[in-house]
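Participant: The structure follows.
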């Protein structure tokens, strides 16, 4: 299992819900969730089969009008 964590500028639950629907439709095998209570508006993406391409996810969110960056430890 692979997990990638992103800092985002998503700040509303209704936007997060729409984005999660789009992520799940576009990326087979990915499970994603937002933690908007965290100061970094965290997006966690999990994949049970293979790796997560962080760059692809960042570009995907940018096309939808949002910013994201990989959150490092």
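Participant: Hey, can you tell me all the residues within segment 29-43 that are surrounded by fewer than 19 Cβ atoms within 10 Å (Cβ to Cβ) and outside any strand (DSSP E or B)?
Facilitator: Across segment 29-43, the qualifying residues are 29, 36, 37, 38, 39, 40.
Participant: Are any residues in segment 13-47 touching a helix residue (DSSP H, G or I) at 6+ places or on another chain (Cβ under 8 Å) and over 16 Å from residue 66 (Cβ atoms), and if so, which ones?
Facilitator: Those that are touching a helix residue (DSSP H, G or I) at 6+ places or on another chain (Cβ under 8 Å) and over 16 Å from residue 66 (Cβ atoms): 30, 31.
Participant: Shifting gears a bit: Which pairs turn up if I take residues in segment 50-73 that are in contact (Cβ under 8 Å) with a residue 24 or more places away in the chain and look for partners that are assigned to a loop (DSSP other than H, G, I, E, B) with beta carbon separation below 6 Å, at least 6 apart in sequence or on another chain?
Facilitator: Once the first residue is in contact (Cβ under 8 Å) with a residue 24 or more places away in the chain and sits in segment 50-73, its partners that are assigned to a loop (DSSP other than H, G, I, E, B) give 66/9; 66/10; 67/9.
Participant: Confirm whether residue 10 is touching a helix residue (DSSP H, G or I) at 6+ places or on another chain (Cβ under 7 Å), touching a residue at least 40 places away in the same chain (Cβ under 8 Å) and part of a loop (DSSP other than H, G, I, E, B).
Facilitator: Working: touching a helix residue (DSSP H, G or I) at 6+ places or on another chain (Cβ under 7 Å): yes; touching a residue at least 40 places away in the same chain (Cβ under 8 Å): yes; part of a loop (DSSP other than H, G, I, E, B): yes.
For residue 10, the condition - touching a helix residue (DSSP H, G or I) at 6+ places or on another chain (Cβ under 7 Å), touching a residue at least 40 places away in the same chain (Cβ under 8 Å) and part of a loop (DSSP other than H, G, I, E, B) - is met.
Participant: So residue 25 ticks every box in (1) part of a helix (DSSP H, G or I); (2) within 12 Å of the chain's Cα centre (by Cα) but one. Which box is left unticked?
Facilitator: Condition not satisfied by residue 25: (2).
Participant: Another one. So residue 51 fits all but one of (1) outside any helix (DSSP H, G or I); (2) modelled with pLDDT of 95 or more; (3) in contact with a strand residue (DSSP E or B) (Cβ under 6 Å, 6 or more places away or on another chain); what number is the exception?
Facilitator: Unmet for residue 51, out of (1) outside any helix (DSSP H, G or I); (2) modelled with pLDDT of 95 or more; (3) in contact with a strand residue (DSSP E or B) (Cβ under 6 Å, 6 or more places away or on another chain): (2).
Participant: Among the residues of segment 44-73, write down those that are under 16 Å from residue 1 (Cα atoms) and surrounded by 11 or more Cβ atoms within 10 Å (Cβ to Cβ). Give the derivation first.
Facilitator: Our first condition is that a residue be under 16 Å from residue 1 (Cα atoms); within segment 44-73, this holds for 44-54.
Those that are under 16 Å from residue 1 (Cα atoms) and surrounded by 11 or more Cβ atoms within 10 Å (Cβ to Cβ): 44, 45, 46, 47, 52, 53, 54.
The values are calculated or read from the model by the stated rules, or taken from the named source; none is laboratory data. Not measured: the values here are computed from a predicted model. For neighbour counting, all protein chains shown are included, and Cβ atoms are generated from backbone atoms with ideal geometry for every residue, glycine included.
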